[in-house]
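Take a look at the structure set out below.
The values are calculated or read from the model by the stated rules, or taken from the named source; none is laboratory data. No experiment lies behind these values; they were computed from the predicted model shown. Cβ placement follows ideal geometry from the backbone for every residue including glycine, while neighbour counts extend to all protein chains displayed.
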Amino acid sequence: MTLDDRAPSVEGAAAPYDSYYFTVPIRRAKFQHRWTRHVVLFLFTVATTTLLGVDHYLSFRSNFGTLAVAIDARATFEALVYSASILAILGAHEMGHYVACRHYNVDATLPFFLPFPSLSGTLGAVIKIREPFPTRKALFDIGVAGPIAGFVVLIPVLFLGMWMSNVIRVPAHMEGWSLGEPLLFKFASWIVFGHVPDGYSVNMHPMVFAAWFGMLATAWNLLPFGQLDGGHLTYATFGDASRYVSIVTVLGAVVMTFISFSWLVMTLMMLAMLIFLGQRHPPVAEEYDPRYVRQPLDSGRLAVAVFAVVMFVLCFMPVPIDVLK
């Protein structure tokens with residue numbers, strides 16, 4: 001917008017008019033969303049997770065491939081249940097971030113769901129935060145809100161799915177993939193089935209796989225690295241010293257790739273972030289004030305940080321996916 005202002009005459013003289021143009025910046029309204037993109041990506045993700053849900057349910061019903069199965073109405077229904085379960089977990093995680101952003105008036109997008117035609121049917125979901133975090137406390141609250149919200153949803157999904165699963169003998173010379181069992185998975189299995197004998201395994205209902213993927217996403221997001229959720233929490237707690245934690249984390253991930261190939265994608269992503277975004281977490285807005293004095297997190301947030309560590313331990317898998325030999 002431009003304003004045309006006329007200059008007055010000087011000392012009564014008939015001075016010519018001069019034009020002065022002032023550029024007034026227009027502040028974009030916050031929380032404006034491109035709904036078409038969100039809806040289209042969501043619908044594509046519903047489609048891919050439903051298609052993969054059919055495969056997961058048929059695999060479940062086949063008892064590790066020992067029974068012949070065919071697609072029917074029940075398979076379609078269970079596929080939709082799987083899609084709803086995994087999208088609820090991922091959606092809750094990202095909406096946790098988004099609601100916290102709204103609370104602190106930090107401009108952010110709604111979740112973008114990412115379809116993927118393999119394994120889970122999705123690569124997850126993300127939101128884009130459009131402006132700096134105002135304070136470390138806000139950074140901490142926004143960072144931790146996502147994992148907690150997703151964790152709260154995945155627990156009932158895990159236990160309900162485990163209740164619909166069964167324990168059967170593993171066929172000899174079985175081929176395919178084996179999934180890592182985090183502590184939370186082992187606990188749910190023990191609550192529902194008790195001790196699982198050697199040579200037997202949990203034949204997972206698709207809802208259990210949805211919860212398993214949610215646990216994997218929770219653990220990887222809570223890694224104390226860079227601008228992952230765990231990196232936000234580490235910076236909010238330790239300040240610039242968090243960059244050393246990030247370096248140790250990515251070195252640990254490199255080592256893990258020699259233990260399990262399933263760490264490769266996450267490790268490459270962290271290395272790319274380290275190269276292109278640097279070692280340091282971006283400072284929050286209050287740190288640009290020369291009068292800023294860092295205040296430690298209060299006891300309540302420190303307790304939440306401890307709970308975040310507990311979530312990480314419960315969901316962590318040293319070997320998320322392995323090939324059956």
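Whenever a residue of segment 159-177 is more than 25 Å from Gly214 (Cβ to Cβ), its partners that are of a type in the set (Ser, Thr, Tyr), lying with C-beta atoms within less than 8 angstrom and at least six residues away or across chains, give the pairs Arg169/Tyr200; Pro171/Thr66. Kindly check whether there is at least one residue in segment 244-261 that is surrounded by 20 or more Cβ atoms within 10 Å (Cβ to Cβ), under 24 Å from Ala92 (Cβ atoms) and touching a residue at least 24 places away in the same chain (Cβ under 8 Å). No: zero hits. Part of a helix (DSSP H, G or I), more than 18 Å from the chain's Cα centre (by Cα), in contact (Cβ under 8 Å) with a residue 24 or more places away in the chain and closer than 16 Å to Phe140 by Cβ: is that true of Gly230 in this structure? Here the answer is no, as Gly230 does not meet what is asked. Close Cβ contacts (under 9 Å, 6 or more residues apart or on different chains) running from residues in segment 276-289 that are over 15 Å from Arg136 (Cα atoms) and in a loop (DSSP other than H, G, I, E, B) to residues that are modelled with pLDDT of 85 or more and of a type in the set (Gly, Ala, Ser) comprise Gly278/Gly226; Gln279/Gly226; Gln279/Ser246.
Going residue by residue through segment 257-264, is there one that turns out to be assigned to a helix (DSSP H, G or I), out of contact with any helix residue (DSSP H, G or I) (no Cβ under 7 Å at 6 or more places or on another chain) and at pLDDT below 95?
Yes, that holds for at least one residue.
Considering Phe159, Phe213, Phe151, Phe187, the condition of being of a type outside the set (Ser, Thr, Tyr), within 21 Å of Leu264 (Cα to Cα) and modelled with pLDDT of 95 or more is satisfied by Phe213 alone.
Scanning segment 52-71 for residues that are surrounded by 14 or more Cβ atoms within 10 Å (Cβ to Cβ) and not acidic (Asp, Glu) turns up Leu52, Gly53, Val54, His56, Tyr57, Leu58, Ser59, Phe60, Arg61, Asn63, Phe64, Val69.
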